[in-house]
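Enquirer: Take this structure first; my questions come after.
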Amino acid sequence: MSTITGEVQCTQLLSQGLMASTVAEFKVIAEPKRAKERALEETRRVIDVFRYSIPALYSEDKKVAVGIAGEEISALRLLPILSSDGLKFSVESDRIGMLFPFTINHEMSQHFDRLGVQKLFDLLGKKYSSLTSFDKCLLNSIHWFASFTSQLEPENQVLNLLMSLESLLTPKENNPIGTAIAEGVAWLIGDDTRTRKQIKKRVQELYRIRSGVAHGGKKTVQKSAIEDLTSICGNVLANLIPRHSEFANQKTLLGWIEEQKLS
């Protein structure tokens with residue numbers, strides 16, 4: 001009898017804690033600890049997809065964020081300021097964390113279609129072993145793009161965004177990686193020769209910033225660099241998601257880009 005009562009109380013406690021929350025359900029046959037690990041892994045993959053959509057749906061000032069309970073917060077931060085002589089004291093405050101919630105409704109679902117969100121969910125619904133090599137590259141690129149949205153330091157944002165591009169466009173030969181990726185991006189999202197040249201030049205500039213960050217040289221990252229790189233990465237992914245079945249692997253994609261350059 002006491003066991004049944006305990007189960008009922010536990011269920012009631014969980015229900016109260018989950019009210020007004022978005023819940024992820026994952027089913028697996030495993031020990032409790034391993035079940036939790038697997039559930040967190042799979043939930044994070046879904047969260048990656050939502051995070052990928054955030055820059056295209058919300059302005060940066062809204063600080064929209066998505067995460068597992070406890071990972072994303074919104075709080076008022078108080079900063080006491082004391083003069084060196086101890087005679088003056090003041091308190092400054094600012095709001096940290098997300099300011100607006102991530103909303104899912106009918107209007108948002110239309111934007112999801114444009115960004116290929118449902119196609120990504122379809123890929124996540126498959127067994128990993130059944131995914132093509134390119135599908136795995138695409139999901140890895142999504143992961144790095146999603147990781148950028150939770151980074152606070154501009155230097156880390158640059159590294160994450162360029163890792164997203166490298167996951168898809170890193171050449172296998174000894175070609176300069178910055179040039180190869182810049183050309184690949186230009187052919188994927190540029191509509192004409194003039195636009196492609198501009199995109200290539202900008203990506204090469206951004207890659208020089210990355211080199212400065214990675215090798216301990218120049219570390220100043222302008223806001224415009226993050227904005228441009230976010231737009232470039234987002235456009236590359238939005239372009240490739242609906243076409244993912246056209247490419248068996250990364251080599252196939254790089255081959256297609258080479259054909260475009262020679263045509």
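Enquirer: Give me the distance in nm between label points sitting 7 Å out from Cα along the Cα-to-Cβ direction at TYR128 and GLU155, one decimal.
Expert: 3.2
Enquirer: Okay, moving on. Take the Cα coordinates of the stretch 42-262, assign each an equal point scatterer, and use the Debye formula without solvent to give log10 I(q)/I(0) at q = 0.11, 0.14, 0.19 Å⁻¹.
Expert: One equal scatterer on each Cα of the stretch 42-262 leads to -0.61, -0.92, -1.51.
Enquirer: Same structure, new question: If the chain between ASP94 and VAL46 were fully stretched, how many nm would it gain, using 0.36 nm times the residue separation less the Cα-Cα distance?
Expert: The ASP94-VAL46 span can extend by a further 14.2 nm.
Enquirer: Scanning the chain for helices, which whole DSSP H stretches are 15 Å or more long along the axis (Cα) and average -1.0 or more by Kyte-Doolittle?
Expert: Flagged H segments are 2-18, 32-57, 133-148, 154-169, 177-189, 223-240, 250-262.
Enquirer: To continue, here is another question. Suppose only helical runs count, i.e. DSSP H with n ≥ 4. What mean residue ellipticity at 222 nm does that imply for the chain under -39500 (n - 2.57) per run, divided by all residues and rounded to the nearest 500 deg cm²/dmol?
Expert: Value at 222 nm, helices only: -20000 deg cm²/dmol.
Enquirer: If you take the beta carbon distance between SER109 and ASP191 as r and set R0 to 35 Å, what does 1/(1 + (r/R0)^6) give as a FRET efficiency, to the nearest 0.05? Display every interim value, and only then the final one.
Expert: Values: r = 28 Å, r/R0 = 0.79.
The formula returns an efficiency of 0.80 here.
Enquirer: What percent do you get for the relative contact order of the chain when only Cα pairs under 8 Å and 6+ apart count?
Expert: It comes to 17 percent, rounded to a whole number.
Enquirer: Highest mean first, how do 70-78, 201-209, 129-137 rank when packing is the count of other Cβ atoms within 10 Å averaged over residues?
Expert: 201-209, 129-137, 70-78
Enquirer: What number, in percent, do you get for the relative contact order of the stretch 59-135 if the mean sequence gap of Cα pairs under 8 Å and at least 6 apart is divided by its residue count?
Expert: 27
Every read-out reported here was derived from the displayed coordinates using simple, explicitly stated rules and does not represent laboratory data. Keep in mind that what you see is a predicted model, and the values were worked out from it rather than measured. Neighbour counts are summed over all protein chains in view; Cβ atoms, including those assigned to glycine, are modelled from backbone coordinates with ideal geometry.
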